[in-house]
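Contents: one structure, followed by commentary.
Computed from the coordinates by the stated procedures, all read-outs in this text should not be read as laboratory data. Computed from a prediction, not measured in an experiment: that's the story for all the values here. In this analysis, Cβ positions are derived from the backbone assuming ideal geometry, glycine residues included, and neighbour counts consider all displayed protein chains.
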Amino acid sequence: MTKNRLEFLSDGVFAIVMTLLVVEITIPELNEFSSILPEMFSYFLSFAVLANLWTIHNFLFSIMSQNTTRALASLNILLLSFISLIPFSTSLLGQYPSYGVSVAFYSIHILIISLLSLGVREFIYYSPHVQNPDHESANITSLDRFYGTSRIVLNVAVSIIAVILSNFSTVYSIALLLVPVILGIIPGSLAWILKNSGIQSLIRPDLQQ
């Protein structure tokens, strides 16, 4: 089983799903264009979420794993199966943005994908059968790995809180889901927050920049 074919499959799924998002947007009457604003918002939210997830996935498979195993391939395919469901949950959120159940469903969906991404990350890092590169030659430090893990953990934490908030305020819940997206768009923002807030020294006092 070659790693390249697994990467091609993963990139293909991400590309197709990101394209299908726009297909779910309903074309309105010209005098009712404002009616699709929730769908447009959910489209851009999901596109940005997928872009963030693809960045994480790309780092794990292009840089951190030198080969693959059947177990890793199976875990990755499970992850892709939930990635493929994104258009459905996006459409649900876009059509019923003020309903707590739709926001909760979307948040739970992102939570499952984030947990599976964390599972893939842990498998790649700690499996005795998946070869990792020499960190010095690949210019990868323990700090880089910490920030990479923090991005996934942030998605998990935000999704859990968003599910809880959806019972009280869909606006705050959706706004919370934007946090990882914004931090993913601004390079180095998460690292800056972790360092200057003291969270980095609290969790990993051994890491100094």
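A few points about this structure:
- Exposure proxy for VAL49, VAL22, VAL103, VAL130: other Cβ atoms within 10 Å of each Cβ, ordered fewest to most, give VAL22, VAL130, VAL49, VAL103.
- FRET efficiency estimate (nearest 0.05) - Cβ-Cβ, SER189 to GLN66, R0 35 angstrom: 0.70
- Shape analysis of the chain based on the Cα gyration tensor places the equivalent ellipsoid semi-axes at 32, 22, 14 Å, largest first.
- Under a model in which nothing but the beta-carbon of Lys, Arg (+1) and Asp, Glu (-1) is charged, the chain shows a dipole of about 460 debye around its Cα centre.
- DSSP loop GluC sites (Glu not before Pro) with at most 16 other Cβ within 10 Å: longest gap in the chain: 30-135
- Residue separation of MET40 and ILE16 scaled by 0.36 nm, minus their Cα-Cα distance, works out to 6.8 nm of gained length.
- Contact order, relative form, for the chain: 23 percent (alpha carbon pairs under 8 Å, 6 or more residues apart, mean separation divided by residue count).
- Only DSSP H runs of four or more residues enter the estimate; each adds -39500 (n - 2.57), and after division by the residues of the chain the mean residue ellipticity at 222 nm equals -23500 deg cm²/dmol.
- Listed by Cβ neighbour count within 10 Å, with the fewest neighbours leading, PHE123, PHE8 appear as PHE8, PHE123.
- Chain lengthening between PHE33 and ASN196 when straightened (0.36 nm per residue, less Cα-Cα): 54.3 nm
- Residues PHE44, PHE59, ranked from the fewest to the most other C-beta atoms within 10 Å, line up as PHE44, PHE59.
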